[in-house]
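I have placed the structure first, in the form of structure tokens, so that the comments after it can refer back to it.
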Amino acid sequence: MRLNRTFLLASVAGLLVAEPIAAGATAPNEPAERVAEAEADRTDVVVTAQRDSYATPATSSATRTSTPIKDIPQAITSIERQQIDDQAIRSISDALRFVPGAIAAQGEGNRDQIVLRGNNSTADFFVDGLRDDVQYYRPLYNLDRLEVLRGPNALTFGRGGGGGIINRVTKTPGLVTFGGASASVDSFGAWYVDGDVNFRLSDTVAARINAVREEFANHRQVYGGHVTAVNPVVKWFADDRTAFTLSYEYDDDDRVTDRGIPSLGGRPLAGFRDTFFGVPGINRTQFTGNVARATVEHRLSDALSITGRLLYGDYDKYYRNVFASGAVEAGRVPVQAYREFIFRENLLSQTDLVWRGRTGAIGHTILAGFEFGTQHSASGRLNGFFDGVAGATNGGLTVTVPLADPIAVPPVVFRAGTGGRNTVSYADIYAGYVQDQIKIGPVELLLGVRHDRFSLNVLNRLTGDRFVREDALWSPRAGLVVHPVGTVSLYGSYARSYLPQSGDQFTTLDVTTAALQPEKFDNYEVGAKWEPRAGLLVAANIYQLDRTNTRAPGPVAGTTVLTGAQRSRGVEIEARGAITSAWQLSLGYSYQDARIVETTAAAPAGRRVALVPEHSFSAFTRYNATSRFGIGAGVSYFSDRFTSISNAVTLPGYARVDAALYYKLTKQVELQVNIENLFDAGYFPTAHNDNNISTGAPLNGRATVRFRF
């Protein structure tokens, strides 16, 4: 891997020079309880290791400074660990059902993929604020919370993120000893065991280990696999001003690649909910990730702190799949196949300097920082050929088989040929940013700008062609927050982000995409946030998100111009937190109108964006009827939407109802039962295109036992 020596030295120097927010101040990505643990270490006070609430009071993810969510001029949904556990949420896809303006895409059955405010992405994922853009399924076992930020976020996160980003905030050690574990099984036979143990090793050193082993199963004929992940973390509180954190995460995921069912007559194929349109043993995805992270936090003075973060990740991803490539016609379905691999190494460094102070009557929180990154990727694709099979078309790439249950697919051979790919790419990122959060009485201003220099060098190993592009990107952000009363925030904001014209994985480049200007995302948003009681936040917003510089056919056949545009408009409403000490609530509604407004290479003006429902609603609540017994209930609703930009196939609207029961046997042991799809609704939650449509699971249950000490 070509890791630039100057970059590496600068990264390490930035990390060493950096430094913490003292144990007594809120550190990035560290909940208040962890801070309390650090403060309490000298007096041996035991504190709660987990906030038993659905509410997140503050975060550093949106502004890179610890800021109350109520005071951030942007839509943010934070799903706390308690809600993840209460609902038995096992994936990012499950969690997104409870986030307004967010949709989970199918991801071809081998990765997380999201649609935020009408913008589809496989790469807008982060962990503790650091880029996590490889295509895989991210486990949730080691999270404190899952944050979904909607609208462009380039000032904080850099390129991409046009519709928003997802940030995983991981658990960190505290200077107390505690632990827990859980075991769970569902009615399909899927199960998992996980553990979370925190050790106080000395007066200044703590360690925490999270681990999970999960076996997969569901309603589909052929589905299975497993994931094993472990994440040890060590934190050294060097003194009352400095802390060092080292983390390593290993993730091994091996599962069936399932791309769902095809369509018939503009609707999902009926009567084949469980039918697997692939080949057992061939449809498989494997992922191995090894990620090391280091953080240094240092308080230079009561007003000035510096934080340095460094991430090295090594990722190995491989998958094969056979899938329906067209609609069912005359009782037959077309099938294609391919296999793909990607190897990636990431080295990322961030350094933030934060000053909190005043100039006269004006309060300031000033952020200045820089980011370096280098990514090396090698990727390839071999298509499947049905050599010698009667009726194979498209040069042997497609075979049409009788519709049956199960279907029978002829032997397929993966080899070099039409549509193959073998590339090596190098991406280097250098960025600097500055931001000021200004407070004047009841008025707050957020003003900032980021400059990215992003260079991409791609070698096509099949042809020997090499293409290079370099982008200099200026990303501004402005927000205004007014507090008419202390519990209410009224805000307006504007933000811009860019995406270079090479796809969000940056593994391919050609003579056209190397020359075109980046796509541009501009978000305009007004909203209100209200905290009727401590620990409960109600928020609403109206937004317009314009995506421009989108590729479109040129006036001369075969040429490309940047005249295409997409617009998303919407309303988002949500409430999250504690209504009473015994009653937790998560509620969200969104109205979205996302469509092509100027013809693009993918669709003419007027088409609606794939997978985006006009209306969606979700709610989940837990009520503790006694100190031992609790009940939970939830519903999620999505109106009709299209499977792709063709607008040819419709996913019918649906509502799904869930329920849960909780019972504490002792202070250390709790039993939990979750019932999913209580009324056995038939539904289609998502898709990848018109003929890769996921089917919803029928009525099923999950039993879980949790241990804490």
Handout entry: Yes/no for LEU446 being touching a Leu at 6+ places or on another chain (Cβ under 8 Å) and not polar (S, T, N, Q)
Key = yes
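Residues are listed down the side, and each one gets a yes or a no for (1) of a type outside the set (Val, Ile, Thr); (2) open to solvent by 10 Å² or more (accessible area, probe 1.4 Å); (3) more than 13 Å from the chain's Cα centre (by Cα):
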position	(1), (2), (3)
ILE72	no, no, yes
SER93	yes, yes, no
PHE98	yes, no, yes
ILE114	no, no, no
ASP124	yes, yes, no
TYR141	yes, yes, yes
PRO152	yes, no, yes
THR156	no, no, yes
PRO173	yes, no, yes
Handout entry: Selected residue (criterion: most open to solvent (accessible area, probe 1.4 Å)) from residues of the stretch 189-214 that are of a type outside the set (A, V, I, L, M, F, W, C) and not in a strand (DSSP E or B)
Key = ASP203
Handout entry: Enumeration of residues in the stretch 587-605 that are in contact with a His (Cβ under 8 Å, 6 or more places away or on another chain) and open to solvent by 30 Å² or more (accessible area, probe 1.4 Å)
Key = TYR589, TYR591
Fill in the blank from the handout: Checked the stretch 413-438 for anything open to solvent by less than 50 Å² (accessible area, probe 1.4 Å), farther than 30 Å from GLY160 by Cα and in a strand (DSSP E or B); matches are PHE414
Practice task
Please state which one of GLY369, GLY357, GLY331 is touching a His at 6+ places or on another chain (Cβ under 7 Å), over 24 Å from ARG111 (Cα atoms), open to solvent by 10 Å² or more (accessible area, probe 1.4 Å) and small (Gly, Ala, Ser).
Solution key: GLY357
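This table checks each residue for (1) in contact (Cβ under 8 Å) with a residue 60 or more places away in the chain; (2) of a type in the set (A, V, I, L, M, F, W, C).
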{"residue": "ARG628", "(1), (2)": "no, no"}
{"residue": "SER639", "(1), (2)": "no, no"}
{"residue": "VAL649", "(1), (2)": "yes, yes"}
{"residue": "PRO652", "(1), (2)": "yes, no"}
{"residue": "VAL657", "(1), (2)": "no, yes"}
{"residue": "LYS667", "(1), (2)": "no, no"}
{"residue": "VAL673", "(1), (2)": "no, yes"}
{"residue": "LEU678", "(1), (2)": "no, yes"}
Problem - Lone qualifier among SER247, SER301, SER263 - being over 26 Å from the mean Cα position of the chain (by Cα), hydroxyl-bearing (Ser, Thr, Tyr) and open to solvent by less than 30 Å² (accessible area, probe 1.4 Å) - result: SER263
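This table checks each residue for (1) over 30 Å from GLU329 (Cα atoms); (2) buried (at least 17 other Cβ atoms within 10 Å of the Cβ); (3) among the polar types (S, T, N, Q).
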{"position": "SER646", "(1), (2), (3)": "no, no, yes"}
{"position": "LEU665", "(1), (2), (3)": "yes, no, no"}
{"position": "VAL669", "(1), (2), (3)": "yes, no, no"}
{"position": "ASN674", "(1), (2), (3)": "yes, yes, yes"}
{"position": "GLY682", "(1), (2), (3)": "no, no, no"}
{"position": "THR704", "(1), (2), (3)": "yes, yes, yes"}
Fill in the blank from the handout: Among ALA392, ALA361, the single one that is more than 34 Å from the chain's Cα centre (by Cα) and under 28 Å from THR156 (Cα atoms) is ALA361
Problem - All positions within the stretch 395-412 that are open to solvent by 70 Å² or more (accessible area, probe 1.4 Å) and either free of Cβ contacts under 8 Å to residues at least 12 places away in the same chain or aliphatic (A, V, I, L, M) (or both) - result: ALA408
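Across the stretch 550-563, what is the number of residues that are open to solvent by 30 Å² or more (accessible area, probe 1.4 Å), hydroxyl-bearing (Ser, Thr, Tyr) and touching a Ser or Thr at 6+ places or on another chain (Cβ under 6 Å)? Even if it seems obvious, please write down each step before you answer.
From the stretch 550-563, those open to solvent by 30 Å² or more (accessible area, probe 1.4 Å) are 551, 553, 555-563; that's our starting set.
With the extra rule that they be hydroxyl-bearing (Ser, Thr, Tyr), the set shrinks to 559-560, 563.
Okay, now just the ones that are also touching a Ser or Thr at 6+ places or on another chain (Cβ under 6 Å), so 560.
Qualifying residue count, the stretch 550-563: 1.
Which fully enclosed helices (runs of 4 or more DSSP H) of the stretch 77-158 have 3 or more residues being among the aliphatic types (A, V, I, L, M)?
Details: elements: 81-86, 92-96, 154-157.
In the stretch 77-158, 92-96 are the helices (runs of 4 or more DSSP H) which contain 3 or more residues that are among the aliphatic types (A, V, I, L, M).
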Handout entry: Residue within the stretch 488-500 that is open to solvent by 20 Å² or more (accessible area, probe 1.4 Å), closer than 22 Å to THR59 by Cβ and aromatic (Phe, Trp, Tyr) present
Key = yes
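Output the number of residues of the stretch 564-586 satisfying the condition of being farther than 21 Å from ARG117 by Cα and either acidic (Asp, Glu) or surrounded by fewer than 17 Cβ atoms within 10 Å (Cβ to Cβ) (or both). So that I can check it myself, show each step before the final result.
Taking the stretch 564-586 first, the residues farther than 21 Å from ARG117 by Cα are 577-585.
After this cut, where a residue has to be either acidic (Asp, Glu) or surrounded by fewer than 17 Cβ atoms within 10 Å (Cβ to Cβ) (or both) as well, the list is 579-583.
Number satisfying all stated conditions: 5.
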Exercise for the section: Output the residues belonging to the stretch 100-111 that are farther than 21 Å from GLY653 by Cβ and open to solvent by 10 Å² or more (accessible area, probe 1.4 Å). Expected result: GLU108, ARG111
Practice task
Could you tell me whether any residue of the stretch 276-294 is more than 22 Å from PRO334 (Cβ to Cβ), aliphatic (A, V, I, L, M) and open to solvent by less than 40 Å² (accessible area, probe 1.4 Å)?
Solution key: yes
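Search the stretch 439-450 for residues being open to solvent by 30 Å² or more (accessible area, probe 1.4 Å) and touching an Asp or Glu at 6+ places or on another chain (Cβ under 8 Å), and hand back the single one that is nearest to LEU462 (Cα to Cα). Break it down into steps so the answer makes sense when it comes.
Within the stretch 439-450, the subset open to solvent by 30 Å² or more (accessible area, probe 1.4 Å) is 439-445, 447, 449.
So of that shortlist, the ones also touching an Asp or Glu at 6+ places or on another chain (Cβ under 8 Å) come out as 444-445, 447.
On the way: GLU444: 55, LEU445: 52, LEU447: 47 Å.
Across the stretch 439-450, the extreme among qualifying residues is LEU447.
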Exercise for the section: Among the residues of the stretch 175-188, write down those that are under 19 Å from GLN668 (Cα atoms), surrounded by 16 or more Cβ atoms within 10 Å (Cβ to Cβ) and out of contact with any helix residue (DSSP H, G or I) (no Cβ under 9 Å at 6 or more places or on another chain). Expected result: PHE178, GLY180, SER184
Practice task
Taking only the stretch 191-216 into account, find how many residues are in contact (Cβ under 8 Å) with a residue 60 or more places away in the chain and under 25 Å from the mean Cα position of the chain (by Cα).
Solution key: 5
Handout entry: Residues that are open to solvent by 20 Å² or more (accessible area, probe 1.4 Å) and touching a Ser or Thr at 6+ places or on another chain (Cβ under 7 Å), drawn from the stretch 533-549
Key = GLY535
Practice task
Determine the pairs where a residue that is in contact (Cβ under 8 Å) with a residue 24 or more places away in the chain, located within the stretch 504-515, has a partner that is of a type in the set (Val, Ile, Thr) and assigned to a loop (DSSP other than H, G, I, E, B) with Cβ atoms under 8 Å apart, the partner being 6 or more residues away or on another chain.
Solution key: ASP504/THR122; GLN505/THR122
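Does ALA431 satisfy being modelled with pLDDT under 95 and either over 30 Å from ASN394 (Cα atoms) or of a type outside the set (Phe, Trp, Tyr) (or both)? Step through it out loud before you land on a result.
Details: modelled with pLDDT under 95: no; either over 30 Å from ASN394 (Cα atoms) or of a type outside the set (Phe, Trp, Tyr) (or both): yes.
No.
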Problem - In the stretch 606-636, residue most open to solvent (accessible area, probe 1.4 Å) [restricted to those that are over 22 Å from PRO100 (Cα atoms) and among the small types (Gly, Ala, Ser)] - result: SER627
Exercise for the section: Say whether the condition of being closer than 18 Å to ASN691 by Cβ, open to solvent by 50 Å² or more (accessible area, probe 1.4 Å) and either acidic (Asp, Glu) or not in a strand (DSSP E or B) (or both) is met by at least one residue in the stretch 228-244. Expected result: no
Completion exercise
Subset of the stretch 54-69, residues open to solvent by 20 Å² or more (accessible area, probe 1.4 Å), of a type outside the set (A, V, I, L, M) and within 14 Å of GLU531 (Cβ to Cβ), comes to PRO57, PRO68
Handout entry: Selection from the stretch 286-333 of residues that are free of Cβ contacts under 8 Å to residues at least 40 places away in the same chain and not in a strand (DSSP E or B)
Key = SER301, ASP302, ALA330
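The values are calculated or read from the model by the stated rules, or taken from the named source; none is laboratory data. In this text the structure is predicted, and so the values were computed from the model without any measurement. Because the Cβ atoms are built from the backbone with ideal geometry, glycine has one as well, and the counts that use them run over all protein chains shown. These area figures cover heavy atoms from the full protein model, side chains too; ligands, DNA and RNA do not enter into them. Shrake-Rupley method; radii C 1.70, N 1.55, O 1.52, S 1.80 Å.
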